[in-house]
Amino acid sequence: MKQTFCVLIILISSLTTYGQTEFYIHLNSDVKVDSVSIAGINLSKRLKSGLQNGIAKFEIPSKSSDQYFIYVADKRIDGWFNAGKVDIYLDFKDNELSVSKTKNTPVYDRQARYFRNYEAFLKDKSNGAEFIKMAIIENDQDAFVLVPLNHYLKLNQNDIVQLNFVESFLNKQPLSTKQHTIYSMISSRIEKLKSTNNINLDKYSLISTEGNKSFVEINSDVKFTVLDFWYTSCSPCIKEHNEILSDPKMFANLNAELIGISTDSDQEKWIKYLEKKNINWRNYRIGETSLDKDLGIWSFPTYLILDKEENIVGSYSNIEDTIKALKK
């Protein structure tokens with residue numbers, strides 16, 4: 001679900017043992033399955049358990065709700081589940097994996113309802129995003145609150161009042177939530193949004209398409225420069241690149257230039273993507289620089305609009321809002 005969360009699958013960190021959670025995975029399958037495995041945002045490795053009478057048991061070091069990825073064969077279910085003793089009933093039929101029911105994990109139902117509403121919002125934003133704020137209030141003191149908080153932050157990156165609202169909610173969360181990986185990333189992003197008004201691109205030696213170290217030079221002939229932070233495995237990034245390619249003069253018509261900043265580590269993979277898509281705007285690979293970290297960027301795509309003096313005019317999470325801001 002990496003509309004906004006595809007990066008979280010990559011950014012996995014170790015979890016200090018705060019408590020013990022027991023997952024009982026009940027599998028109803030039309031083929032023989034020997035084992036089930038679980039990974040998570042805060043698990044340092046994937047856990048594996050054999051099935052006994054159709055049930056796999058996992059002991060997980062966590063005392064708060066969290067996001068997990070449950071694997072059966074080559075299929076995966078993503079979901080937030082509570083801490084404690086939790087029963088998860090899965091159906092694996094016709095090579096499709098689904099959750100039939102759960103016990104002792106109300107956060108799963110809340111997140112399922114929330115993501116349905118969020119997906120509908122992304123397709124049609126005319127009804128507004130009030131449901132996101134309501135989800136924040138509903139999930140206060142539960143780690144799942146980090147999901148709507150992150151979505152709310154992405155929608156209001158340039159509004160200091162709303163940034164303070166997100167920050168105040170973060171500050172009053174319990175310690176178990178504050179020790180979560182997503183918490184630290186949201187906190188870092190807020191801090192950077194509030195404190196960073198200018199980028200000195202001369203500080204950052206990026207990698208060019210030729211494989212050389214290079215500095216990004218702002219084109220003085222345009223009023224704005226848009227930095228597109230992305231990577232080749234990011235589905236939303238690819239979707240938006242297709243949209244840009246469908247209208248080659250999208251930025252030129254707004255007196256702006258688009259420059260791609262990829263966080264890929266594989267030069268060959270990156271070049272193959274650019275060539276396959278016939279990307280015709282300037283692109284650099286971030287290499288060993290800290291440009292993304294200095295800006296607190298961990299969610300992709302992220303677009304930064306700069307003026308000629310490299311002042312940050314605005315930060316956005318999709319091309320639609322970026323274009324709207326340029327038109328203003």
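The values are calculated or read from the model by the stated rules, or taken from the named source; none is laboratory data. Only a predicted model underlies this, so the values are computations on that prediction, with no experimental measurement involved. Cβ sites come from the backbone with ideal geometry, for glycine too, and all protein chains shown count toward neighbours.
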Note on region 71-130: residues out of contact with any Lys or Arg (no Cβ under 8 Å at 6 or more places or on another chain), among the hydroxyl-bearing types (Ser, Thr, Tyr) and surrounded by 14 or more Cβ atoms within 10 Å (Cβ to Cβ) are 102, 105, 108, 114, 118
Subset of region 204-230, residues of a type outside the set (Phe, Trp, Tyr) and in contact with a Phe, Trp or Tyr (Cβ under 9 Å, 6 or more places away or on another chain), comes to 205, 206, 207, 208, 209, 214, 216, 222, 226, 227, 228
Note: among 253, 278, 311, just one is surrounded by fewer than 18 Cβ atoms within 10 Å (Cβ to Cβ), outside the structural domain of residue 126 (by TED's automatic domain parsing) and on the phi > 0 side of the Ramachandran plot, namely 278
Exactly one of 214, 233, 205, 220 is surrounded by 14 or more Cβ atoms within 10 Å (Cβ to Cβ), touching a residue at least 12 places away in the same chain (Cβ under 8 Å) and over 27 Å from the mean Cα position of the chain (by Cα), and that one is 214
Among residues of region 22-64 being hydroxyl-bearing (Ser, Thr, Tyr) and at pLDDT 95 or above, the residue farthest from the chain's Cα centre (by Cα) is 29
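Can you tell me how many residues within region 278-303 are assigned to a loop (DSSP other than H, G, I, E, B) and not β-branched (Val, Ile, Thr)? Please lay out each step first, then the result.
Within region 278-303, the first condition is being assigned to a loop (DSSP other than H, G, I, E, B), and the residues that meet it are 278-282, 286-290, 295-301.
Now narrow it down to the ones that are not β-branched (Val, Ile, Thr): 278, 280-282, 287-288, 290, 295-296, 298-301.
Matching residues across region 278-303 total 13.
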Item to complete: Determine whether residue 284 is hydroxyl-bearing (Ser, Thr, Tyr), more than 15 Å from residue 233 (Cα to Cα) and either touching a helix residue (DSSP H, G or I) at 6+ places or on another chain (Cβ under 9 Å) or at pLDDT 95 or above (or both).
Response: yes
Checked region 236-247 for anything surrounded by fewer than 13 Cβ atoms within 10 Å (Cβ to Cβ) and either within 19 Å of residue 268 (Cα to Cα) or not polar (S, T, N, Q) (or both); matches are 247
When every residue in region 296-307 that is surrounded by fewer than 23 Cβ atoms within 10 Å (Cβ to Cβ) and out of contact with any strand residue (DSSP E or B) (no Cβ under 8 Å at 6 or more places or on another chain) is compared, the one farthest from residue 246 (Cα to Cα) is 296
query: Yes or no: residue 275 assigned to a helix (DSSP H, G or I) and at pLDDT 95 or above?
result: yes
